[in-house]
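Colleague: Dropping a structure here in structure tokens format, bear with me for questions.
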Amino acid sequence: QGELSAAEIAMVTLGQKTKLFTVDLTQDCLHDVNKANLQNYDIVAFYTTMDLPIPEADREYLFKEWAQQKGHGIIGFHSAGDTYHNYEPYWDMMGGTFIGHPWNSGNTVTLTVHEQNPLTKPFGNEFVLKDEIYMYQHWQPEKCRVLMSLDYSKSPTNSDVPTDHGYHVPVSWIKKVGEGKLYYNNLGHNETSWVNPAYLDSITQAVHWMRGEIEIDATPNPEVSKAQEEKAAKDFAAGGFKARVKK
């Protein structure tokens, strides 16, 4: 408990401004995330890290039942990908697990937007900002619709890149989780992202989608990930990046 983070302030303010939702914040998931309390909510958002002290029965209910019910939504912000590394129901739902962030908070990166829909329109066809960008393992393109990816050719880094799980760096995606819906966006490490109109607008549209107020195609697009993997590998080789491969 204590002072609110930039992310918490942004989400409370966004709910008030749009009148779409109200936000109940918790930094005490041991007591607040349970089967009874979850009946009060339609969406659960994660801006968390590592294993959370949610009791096992409540954790199993949240990820294996609640999240998969019609009308329910899961939102993952940034470090949600750095949570529950070894709990498959979570990372299978979320779409990927953090393995490193070669692009640190001070790096300026360029993101390629793969399609135009209400979630991506705020970012245009290409989006440039400073933020910490993750690479992932457990990325399953056959289950996800990737919306944005990092463009290696326009995103320099001084850090080694862990390439043992491939080169493609997905940044935002959506997917169906049973009859529920998931929206994940890697952005949000830097406080400046939480006042960026494009990021906040995309989150707003994600809530509209989860509420069934707009239609967005969540059909997996593994062909996009395949094309991005090939492009990223070429850009990596051409750009003089350094690889860090686990032994």
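The values are calculated or read from the model by the stated rules, or taken from the named source; none is laboratory data. Note that the structure is predicted; figures quoted are calculated from it, not measured. No Cβ is skipped: glycine too gets one built from the backbone with ideal geometry, and neighbour counts run over all protein chains shown. Side chains included, ligands, DNA and RNA excluded: accessible areas come from the protein's heavy atoms. Shrake-Rupley method; radii C 1.70, N 1.55, O 1.52, S 1.80 Å.
Colleague: Mind listing whichever residues of segment 69-95 are polar (S, T, N, Q) and part of a loop (DSSP other than H, G, I, E, B)?
Modeller: Answer for segment 69-95, where residues must be polar (S, T, N, Q) and part of a loop (DSSP other than H, G, I, E, B): Q69, N86.
Colleague: Report, by residue number, each residue of segment 10-25 that is over 14 Å from A45 (Cβ atoms) and touching a helix residue (DSSP H, G or I) at 6+ places or on another chain (Cβ under 8 Å).
Modeller: T18, the sole residue that qualifies.
Colleague: Related question: Give me the residue from segment 9-30 that is closer than 17 Å to A80 by Cβ and either without any contact (Cβ under 8 Å) to a residue 24 or more places away in the chain or in contact with a strand residue (DSSP E or B) (Cβ under 9 Å, 6 or more places away or on another chain) (or both) and, out of that set, surrounded by the fewest Cβ atoms within 10 Å (Cβ to Cβ).
Modeller: Only one residue fits best here, namely T26.
Colleague: Take the residues of segment 36-50 that are under 17 Å from K64 (Cα atoms) and within 17 Å of the chain's Cα centre (by Cα): which is surrounded by the fewest Cβ atoms within 10 Å (Cβ to Cβ)?
Modeller: Among residues in segment 36-50 that are under 17 Å from K64 (Cα atoms) and within 17 Å of the chain's Cα centre (by Cα), the one surrounded by the fewest Cβ atoms within 10 Å (Cβ to Cβ) is V44.
Colleague: Which members of segment 61-100 meet the condition of being polar (S, T, N, Q) and open to solvent by 40 Å² or more (accessible area, probe 1.4 Å)?
Modeller: Q68, Q69, N86
Colleague: Are there any strands (runs of 3 or more DSSP E) wholly within segment 101-190 with 3 or more residues that are open to solvent by less than 20 Å² (accessible area, probe 1.4 Å), and if so which?
Modeller: 108-113, 133-137, 145-150, 170-177, 180-185
Colleague: Within segment 195-237, which residues are open to solvent by 90 Å² or more (accessible area, probe 1.4 Å), in a helix (DSSP H, G or I) and in contact (Cβ under 8 Å) with a residue 12 or more places away in the chain?
Modeller: V195, P197, K226
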